[in-house]
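Since the structure comes first, as structure tokens, the remarks are kept for the end.
What follows is calculated from the coordinates using simple rules that are stated; it is not laboratory data. Only a predicted model underlies this, so the values are computations on that prediction, with no experimental measurement involved. Positions of Cβ are generated from backbone atoms using ideal geometry, with glycine treated the same way; all protein chains shown enter the neighbour counts.
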Amino acid sequence: MDSNLATAIRTIIVVLLLVPAVVATGQWSNPFSLPPRTLAFLALSAAATGASWLCYFRALQLADVTKVALVDKTSVVLVILFAFVLLGERPSGRDWTAIALVLVGIGMLVLKR
């Protein structure tokens, strides 16, 4: 399946599931009443998500799922590092060990061949 078509179908399904859920829970409000800065960050987040999904589906066409999924999870490591640097969060020693293990796993995949 074409990765762009897969991303479009996935996005349509997400919209069809989320909009009714937001409306049903009474959380819907006019998105244009949000501050411009918030809308800008939401737009950037949406663009990053769309690009990520396109890359993910394209990678699945080119490589094994096990490799693609593990490399995709490096985003978890990045989020933790951003939280450390930007938000001042302090992961525990156990957290840092888990992060290191994910990175070692990715390194093993990269250096395997």
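Only one of the listed values, (i) 15.1; (ii) 14.1; (iii) 17.1, was derived from the coordinates as Kirkwood radius over Cα pairs in Å; which label is it?
(iii)
Starting from the 7 Å offset along Cα-to-Cβ, what nm value, one decimal, do you get for the label separation of residue 64 and residue 85?
Distance between label points: 3.2 nm.
Can you tell me, using C-alpha contacts under 8 Å and at least 6 residues apart, the relative contact order of the chain as a whole percent?
Values: 29 pairs, mean separation 32.5, N = 113.
Answer for the chain is 29 percent.
Once you put a point 7 Å from the Cα of residue 5 and another 7 Å from the Cα of residue 51, both along the Cβ direction, what distance in nm separates them?
If labels sit at residue 5 and residue 51, their model points lie 2.6 nm apart.
Return the calculated 222 nm mean residue ellipticity for the chain, to the nearest 500 deg cm²/dmol, obtained by summing -39500 (n - 2.57) across DSSP H runs with n ≥ 4 and dividing by the residue count. Could the numbers behind the result be given before it?
On the way: 5 runs with 89 residues, N = 113.
Calculated from helices alone, the mean residue ellipticity at 222 nm is -26500 deg cm²/dmol.
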